[in-house]
Amino acid sequence: MADKEILTDGLVTTQQYNKLIKSSMFREVEKFSDNFISKVGGMIQSYNIRWVADPLHQWSRQWEYLYIIAQAQKIKKNARIVDLGAGVSFLPYYMKQKMDLKNILAVDYDKSLNTLYDRVNGEFGDTIEFQSGDMRDLKNIKDSSVDLAYSVSVLEHTNSYVTVLKEIHRILKKGGQLSLTFDISLDGLDDIPLARAEKLVAAIEAVFDTKVSVDLTRDITKPDLVTSGAMAKKDKSLMPWKYP
């Protein structure tokens, strides 16, 4: 597996990224993802056309997925895990098969994914529970019932940070864990500008009554940050959006 020192909290440097994609951890996850796409890629094409057919080979997801996996490695095997804004990806299946984390719930606002999960579960030979739900009102999830809630680049696209975070706080057990990833738009034109990112961090600190160790204002000045501009020069195939 990758050195735990690579997958740290905060903004990602080019050095960290390069180390990660050369690691045995990345190769293992990539092999699983490739197999997942080979088996079910055709049946989830209607979903992928709105996103990308191979999300692991999209530069920011390469970091984000492995960061979440590293966070999940810290919890017990019988833990209850909730993927918020899950879409359809290899990630929960990897956690279940390769990490022996059996109690995983995928939640997404898109009701049509219920049918896709049924089809993927049948073809891939494993079952991930799916619920259609709104992150602002997770009414089907009991209070204090979740060990790990995670969300990969979803929360920044909402306009209800505090409402969503209060719901996550409600469903987490005492000592439970929230793991989030989100992009920052350096030019401020897309989700999420730095000022809003700082508001998101402040909302986390307020709702969870904790101090987040990440200092975005400081880290954003690092000269070797991984950015979409830098990655486009490195390998355009790693860019997610093919159309305007």
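The values are calculated or read from the model by the stated rules, or taken from the named source; none is laboratory data. If you're wondering where the values come from, they're calculated on a predicted model, not measured in any experiment. We place every Cβ from the backbone using ideal geometry, glycine too, and count neighbours over all the protein chains shown. For the accessible areas, the whole protein counts, side chains as well, though only heavy atoms, and no ligand, DNA or RNA atoms are used. Shrake-Rupley method; radii C 1.70, N 1.55, O 1.52, S 1.80 Å.
Here are a few things to note about the model shown:
- Too-long pairs where the Cα-Cα distance tops 28 Å, listed order kept, from Lys19/Lys111; Lys102/Lys166; Lys98/Lys233: Lys19/Lys111; Lys98/Lys233
- Residue among Leu105, Leu194, Leu56 with the largest mean-square fluctuation in a Gaussian network model of the chain, springs linking Cα atoms under 10 Å: Leu194
- Neighbours of Asn78, meaning other residues whose beta-carbon lies under 9 angstrom from its beta-carbon, give a summed charge of +3 when Lys and Arg score +1 and Asp and Glu score -1.
- Only protein heavy atoms count here; under a 1.4 Å probe, Ser237 has an accessible surface of about 70 Å².
- Here Lys22 is the anchor, and the lysines within straight C-alpha reach of less than 18 Å, apart from those fewer than 8 places off in the same chain, are Lys4, Lys31, Lys234.
- Of [x] 65, 41, 35; [y] 80, 40, 36; [z] 47, 40, 37, the label for Cα extents along the principal axes in Å derived from the coordinates: [z]
- Accessible area (Å², 1.4 Å probe, nearest 10) - Phe182: 50
- Segment 1-53-segment 78-107 distance, computed between alpha-carbon centres (Å): 15
- Just so you know, the Cα atoms of segment 1-72 work out to an Rg and Dmax of 13.1, 38 Å.
- Check: segment 1-99 dipole with +1 on Lys, Arg Cβ and -1 on Asp, Glu Cβ, in debye: 360
- Distance between the pseudo-spin-label points of Thr8 and Glu205 (7 Å out from Cα toward the beta carbon): 1.9 nm.
- Between Ala230 and Asp100, the modelled labels are 3.8 nm apart [label points 7 Å from Cα along Cα→Cβ].
- Reference-scaled alpha-carbon Rg (2.2 N^0.38 Å with N residues) for segment 1-143: 1.05
- Over all pairs of different C-alpha atoms in segment 176-225, the reciprocal of the mean inverse distance, the Kirkwood hydrodynamic radius, equals 11.9 Å.
- Cut-off 19 Å (backbone N to label point 7 Å along Cα→Cβ of Trp51), residues of segment 13-44: 29-44
- Within straight-line cross-link reach of Lys174, aspartates and glutamates at Cα separation under 19 Å, skipping those fewer than 8 residues along the same chain: Asp83, Asp143, Asp147, Glu205, Asp209
- Contact order relative to length of the chain, as percent, for alpha carbon pairs under 8 angstrom and 6 or more apart: 21
- Per-residue SASA entry for Thr8, accessible area with 1.4 Å probe, Å² rounded to 10: 50
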